[in-house]
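For reference, the structure is listed below as structure tokens.
The values are calculated or read from the model by the stated rules, or taken from the named source; none is laboratory data. Remember, it's a predicted structure, so these values are computed and weren't measured experimentally. Cβ atoms come from the backbone with ideal geometry, glycine included; neighbour counts cover every protein chain shown.
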Amino acid sequence: MSTAVSDTAAPDAAELALPTQRGYWGTVGYRLRYDHVTLFFGALLLLIILAAVAAPLLAPFDPYQESIIRRLKPPGYQDRYWLGTDELGRDMLSRLLHGGRITLTMGILPVIIATLIGGSLGVLAGFAGGVVNMSIMRVMDVFYAFPSVLLAVAISGAMGGGAVNGMIALTLVFIPPLCRVAETATTQVRNLDFVDAARATGAPMHLVVRHHVIGNVLGPILIYASSLVSVAIILASGLSFLGLGVKPPDPDWGLMLNALRQAIYVSPLVAAMPGIAILITSISMNLVSDGLRAAMDVRS
Amino acid sequence: MAMTSFAVEENDGRDRGGPRQPLLTVQGLKKHFPIRGGIFGRVSARVRAVDGISFAVRKGETLGIVGESGCGKSTVARLLMRLIMPDAGEQIFDGDAVGERGGISVAEMRRQVQMVFQDSASSLNPRMPVQNSIAFGPIALGTRQAEAIGMARELLVKVGLNPALFGGRYPHELSGGQKQRINIARALAMKPRMIILDEAVSALDKSVEAQVLNLLQALKRDLNLTYIFISHDLGVVRWISDRVMVMYLGEVVEIGPADALYASPRHPYTRALLASRPALDPDQRREEAPVSGDPPNPINPPAGCRFHTRCPHAEAVCSARAPMLSAGGDDAHLAACHMQDPSSGHSQALRH
């Protein structure tokens, strides 16, 4: 055993007082610095979010300004409509920027809330086991039995349309799958010896869960949640299409995609733009979360 | 032995009953795991993992527990830590009943009894630097973070690891032996009086195993610890233990001083176990196994003596009545066999 010598080398007092070389988040940050893919798509995502936030400052035109004569113009029209115009003659760039605010909110907020609620319920069910697990998971199964689109339509339909009700409906739709992922991960971790060792110290349960369970189940939950963001954007646009989510003329990428469907033969480039925006956003989201998971996995 | 007891009495303020009072007494400990089947989850069978065992651990000694896989050794360890709840049985720690009115709580017991797990890979949190794993218990019970980490680094020195090199590492950056040293340090962080070592060295290769065993002996001497040492390795158990308890199918079949038990085993199962050790002398090598077949299923253990299905001395009385642990002349060395008891009706009873 080659380490025997260094193992048993008696450290002096100065070494004892030394702090850890690099903390957990320090390690994560260090790894991210060298992960160029994650850095690039993280920057892209940040750019998209900033552009959406600053839409009123950046947009060259009023996104609601219609015009009969400049309908469905291609990108670069009159050197001022850089991304062309939509079926009602509104500037696409301005609408995409403003639409980002609504779309990102509809896509991200329900997933965050559902992750918090579903994740907590799942960890609770997985850690407590027994009757608690049974009652939580059976309720989730009932919701899970419906196709997610149908459930979202039913809930937002029952509550009446509108962006807020649409978000509540999406949140409710995403809680069961997130809960299931969290429960599965927690059940696996709970049976490992280090959780037993932590319990054997007599530490209160909430500390055992916080320090030894959460960190080990966060990875799969976050990955799954980030993949749901793109689903949420699509579902939200579906609700808008049915008149249950965002209402026209508010710009929303999903709504725009639906409205421009008919123009796909006249002006395919313009018609594809909201879809490209959704695609870039969700790919960035997935790649960033994948990179984060890799950086947070101390074993690799 | 007497020296150790004396030291305990003198040094440890938590010692309540004096050196003569056992540190741990277990009476009738029992755990049956239900097997549920059918749509309503009815209990269709019970695995009798631990079926009414009783023993005592004296202050400052090492009690070894041996037996085949599946005999309930590890379940005993988890029951003693109350990581799983016993179905029946009494656990008395230094005169105080654990988890009962008028005794001490499970949390108070856990502050004095700690456990080292077998699987060094899964027994450390993969996302925590090892010094934080060691410090977790004290921090959770109210020690300040900086102080607990400092203590963890001192413990690293105590188990032979340089804290500057190893403190901030993650478990996957350590070898099996190093991880097991960390596990020992984590148990020590609670300043326990007793440590349960559940197959703590079984997964290590022989040279590392010897190092860790020496470490355990040194720690026991320095910190006045009492060990319960669970293993399937008869040689290791003999080396480290003062007394040895042999388990078979959830029951104790023999318990006694290590030397006496290894020199003159009283139970046929113990004899078979000892005979199954590989001989170091090639001329002494056995051709056939001393005990054949697998242990019976603990879901439906044999009636009477549980060993009678594999015992070379089995007679009618063995399947009719279960033998009690009895002394047969030596109060310290007990065995549960009808051949120990002249009044049992076993034809070979008087020869012992």
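What the table below lists for this structure:
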| read-out | value |
| --- | --- |
| Hits in region B:135-145 (condition: closer than 18 Å to B:Arg181 by Cα and either more than 10 Å from every other protein chain (Cβ to nearest Cβ) or aromatic (Phe, Trp, Tyr) (or both)) | B:Ala135, B:Phe136 |
| Selected residue (only one of B:Pro278, B:Pro257 is modelled with pLDDT under 90 and of a type outside the set (Asp, Glu)) | B:Pro278 |
| Filtered residues of region B:237-269 (kept if assigned to a helix (DSSP H, G or I), crowded, with 24+ Cβ neighbours inside 10 Å and within 17 Å of the chain's Cα centre (by Cα)) | B:Leu261 |
| Residue in region A:215-227 that is crowded, with 21+ Cβ neighbours inside 10 Å, closer than 30 Å to B:Arg186 by Cα, within 11 Å of chain B (Cβ to nearest Cβ) and without any contact (Cβ under 8 Å) to a residue 24 or more places away in the chain present | no |
| Residues (under 14 Å from the mean Cα position of the chain (by Cα), part of a strand (DSSP E or B) and farther than 23 Å from B:Pro268 by Cα) located in region B:57-88 | B:Val57, B:Thr62 |
| Single residue of region B:20-38 satisfying the filter (surrounded by fewer than 18 Cβ atoms within 10 Å (Cβ to Cβ) and assigned to a loop (DSSP other than H, G, I, E, B)) that is modelled with the highest pLDDT | B:Gln21 |
| Number of positions in region B:89-122 that are part of a helix (DSSP H, G or I) and at the interface with chain A (Cβ under 7 Å from one of its Cβ atoms) | 3 |
| Top-ranked residue of region B:332-345 - restricted to ones that are at pLDDT 80 or above and not aliphatic (A, V, I, L, M), ranked as surrounded by the fewest Cβ atoms within 10 Å (Cβ to Cβ) | B:His333 |
| Hits in region B:138-154 (condition: surrounded by 24 or more Cβ atoms within 10 Å (Cβ to Cβ) and more than 24 Å from A:Thr27 (Cα to Cα)) | none |
| Unmet criterion (only one of (1) over 18 Å from the mean Cα position of the chain (by Cα); (2) surrounded by 12 or more Cβ atoms within 10 Å (Cβ to Cβ); (3) part of a helix (DSSP H, G or I)) for A:Leu46 | (1) |
| Residues (part of a helix (DSSP H, G or I) and either touching a Lys or Arg at 6+ places or on another chain (Cβ under 9 Å) or aromatic (Phe, Trp, Tyr) (or both)) located in region A:186-217 | A:Phe194, A:Asp196, A:Ala197, A:Arg199, A:Ala200, A:Met205, A:Val208, A:His212, A:Val213, A:Gly215, A:Asn216 |
| Count of residues meeting criterion [hydroxyl-bearing (Ser, Thr, Tyr) and part of a helix (DSSP H, G or I)] in region B:158-200 | 0 |
| Boolean, B:Val317 is in a loop (DSSP other than H, G, I, E, B) and surrounded by 14 or more Cβ atoms within 10 Å (Cβ to Cβ) | no |
| Flag if A:Ser240 is assigned to a helix (DSSP H, G or I), crowded, with 23+ Cβ neighbours inside 10 Å and among the hydroxyl-bearing types (Ser, Thr, Tyr) | yes |
| Condition check for A:Ala232: crowded, with 19+ Cβ neighbours inside 10 Å and free of Cβ contacts under 8 Å to residues at least 12 places away in the same chain | no |
| Near pairs, Cβ below 6 angstrom, 6+ apart or cross-chain, from region B:183-194 (away from every other protein chain (no Cβ under 11 Å)) to any residue that is surrounded by 23 or more Cβ atoms within 10 Å (Cβ to Cβ) and among the hydroxyl-bearing types (Ser, Thr, Tyr) | B:Met194/B:Thr226 |
| Any pair with Cβ under 8 angstrom, 6 or more apart, that starts in region B:30-47 at a residue that is among the polar types (S, T, N, Q) and ends at one that is outside any loop (DSSP other than H, G, I, E, B) and modelled with pLDDT under 75 | B:Ser44/B:Gly37 |
| Qualifying residue in region A:260-280 (condition: under 17 Å from the mean Cα position of the chain (by Cα), within 24 Å of A:Pro75 (Cα to Cα), at pLDDT below 85 and surrounded by 14 or more Cβ atoms within 10 Å (Cβ to Cβ)) | no |
| Any hit, region B:123-134, residues being touching a strand residue (DSSP E or B) at 6+ places or on another chain (Cβ under 9 Å), within 9 Å of chain A (Cβ to nearest Cβ) and hydrophobic (A, V, I, L, M, F, W, C) | no |
| Close pairs (9 angstrom Cβ cut-off, 6 or more residues apart or separate chains): outside any helix (DSSP H, G or I) and at pLDDT below 95 in region A:115-143, buried (at least 21 other Cβ atoms within 10 Å of the Cβ) and of a type outside the set (Asp, Glu) anywhere | A:Gly129/A:Arg190 |
| Pair list, Cβ < 6 Å and 6+ apart or interchain, from region B:146-170 residues that are facing chain A (nearest Cβ under 7 Å) and under 15 Å from B:Leu215 (Cα atoms) to residues that are in a helix (DSSP H, G or I) and modelled with pLDDT of 90 or more | B:Leu161/B:Arg181 |
